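Structure record follows, encoded as C-alpha cells.
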Amino acid sequence: MSRSPDLVVLYEHPAWQEPLFQALERRGVAFERFDLKRAAFADHAAPRAPLYFNQASPSAYVRGNHRAVPLAHAFMRTLELSGARVLNGSQAFALELSKSAQAALLHRLGIPCPRSVVFNDVGALAQSASALPFPALLKPEQGGSGARMHLIESLDQLERLLEAQPDLWLPDNLLLLQEYFPTDPARGIVRMEFLGGRLLYAMRVVSHGRFNLCPAPVCNPDSPDGVSACEIPAAPAKPVEFYPYPEVPAEAVEMGRRIMEAGGLDVGGIEYLETGDGRRIFYDINANSNLRPSIAAAFGFDPFERVVDFLVEQIRGQGLSRRSA
C-alpha cells in the first residue's frame with residue numbers, strides 16, 4: 001500500500017475539481033482523490049488521512065450518480081466519529097442538501113430570506129400555501145445547479161406539471177414552493193465566495209431567465225461560443241453572464257460570513273438578490289463552491305491557489321504535513 005496522504009479530496013463531478021487537483025499537484029501536496037461515484041469504505045478501518053476535504057455536490061443525481069450523495073454523507077460521519085477532520089463535513093453537507101434547513105438557519109440568524117412551504121403531497125400543500133402569493137418558485141428540497149426549478153403561477157399549474165413530469169419529485173420526494181421576488185434582470189443576483197471565514201470575491205450573475213447559475217466554466221463557459229458540459233439542459237436564452245463585484249456592501253459580506261460560520265462551512269458560496277425597494281434577500285447556501293478563475297483574475301489572483309493555501313494551512317496547523325508545499 002502507498003504511503004498515507006496528508007489530504008483526501010472527496011468528489012463526484014468528473015471535471016469540477018480538476019483545477020484544484022492540478023493546483024495541489026503543482027504545490028507538491030501529498031493528497032489522494034476519492035471518487036464517490038463508485039466507492040466503498042470499511043467502518044472499522046482507521047482514516048487514511050487526518051484531513052479530508054468534501055467536494056460532493058447535491059446535484060449528483062442529475063448526472064446519474066444517485067448513489068454518491070448517501071455514500072458521501074455516511075463516509076463523512078464515519079470519518080468524523082473516527083477522529084479525522086473533514087472540511088465542509090457532515091454538518092455543512094447536510095445543510096447544503098436541505099433547502100428547508102437553509103431557510104431555518106437564515107430565519108434563526110435574522111437574515112431576510114424567502115418564505116417557503118415544504119411538501120410531499122400537493123393536496124397537503126394546498127392547505128398550507130395560502131400565505132404564499134403566486135407566482136412562486138418550485139424547487140427540490142435537495143437542490144443543486146438549478147435543477148428541476150420552475151416558476152409556478154397557480155396550484156392548478158403545479159398539479160398539471162407534477163402529473164406530466166413525475167421525475168420532478170427526485171431525488172427524495174420532497175419539494176418546496178418558495179416566495180418569488182422579481183429582480184432587475186440587468187443587475188442579476190450576487191454570489192459571494194468565502195474561504196476560511198473570509199470573503200474571497202463577489203460577483204454579479206445575470207441569468208437571462210436561467211436557473212442554472214453554476215460558476216464552473218465547464219457548465220457556463222466564459223465565451224458565448226463555448227460548449228457547456230453541464231448535464232442540466234439550458235433554457236433557450238442568452239448565456240449566463242458573470243461580472244466581478246468589488247463594491248459588494250460590507251453589510252452583505254458580514255451576513256454571508258455569519259451564515260458560513262453558523263452553517264459550519266469552511267468553503268462555500270452565498271447568494272442573494274436585491275428587490276426593487278432595496279432589500280437583500282438571501283436564498284442559497286452552497287458548500288461545494290465552483291470557483292470561477294476569470295472572476296478571481298479580475299481581483300488579481302488564482303482562486304484554486306488560494307484554496308490550496310488554505311488547505312496547506314490546515315495541514316500544517318495540525319502538524320500533519322510530511323512534505324513541503
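Filtering region 283-296 for residues that are under 17 Å from the mean Cα position of the chain (by Cα), outside any helix (DSSP H, G or I), surrounded by 15 or more Cβ atoms within 10 Å (Cβ to Cβ) and among the small types (Gly, Ala, Ser) leaves a non-empty set.
Condition check ((1) of a type outside the set (A, V, I, L, M); (2) farther than 24 Å from Ala250 by Cα; (3) in the same structural domain as Pro303 (by TED's automatic domain parsing)) across all residues:
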{"site": "Lys139", "(1), (2), (3)": "yes, yes, no"}
{"site": "Arg148", "(1), (2), (3)": "yes, yes, no"}
{"site": "Ile152", "(1), (2), (3)": "no, yes, no"}
{"site": "Arg198", "(1), (2), (3)": "yes, no, yes"}
{"site": "His208", "(1), (2), (3)": "yes, yes, yes"}
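Any idea which residue in region 55-100 is nearest to Glu32 (Cα to Cα), counting only those that are hydrophobic (A, V, I, L, M, F, W, C) and surrounded by fewer than 17 Cβ atoms within 10 Å (Cβ to Cβ)? So the residue we want is Ala74. Considering only residues in region 90-143 that are assigned to a loop (DSSP other than H, G, I, E, B) and of a type in the set (S, T, N, Q), the one that is nearest to Val69 (Cα to Cα) turns out to be Gln142.
Checked against the criteria, Pro47 counts as part of a loop (DSSP other than H, G, I, E, B), in contact with a Leu (Cβ under 9 Å, 6 or more places away or on another chain) and surrounded by fewer than 21 Cβ atoms within 10 Å (Cβ to Cβ). Could you say whether any residue in region 75-82 is in contact (Cβ under 8 Å) with a residue 40 or more places away in the chain and part of a loop (DSSP other than H, G, I, E, B)? Taking every residue of region 75-82 in turn, none turns out to be in contact (Cβ under 8 Å) with a residue 40 or more places away in the chain and part of a loop (DSSP other than H, G, I, E, B).
Of all residues in region 15-44, those that are part of a loop (DSSP other than H, G, I, E, B), out of contact with any Asp or Glu (no Cβ under 9 Å at 6 or more places or on another chain) and either not aliphatic (A, V, I, L, M) or not assigned by TED's automatic domain parsing to the domain that holds Pro58 (or both) total 7.
The values are calculated or read from the model by the stated rules, or taken from the named source; none is laboratory data. Computed from a predicted model, the values in this text were never measured in an experiment. Every residue, glycine as well, gets a Cβ built from its backbone with ideal geometry; the counts of neighbours run over all protein chains shown.
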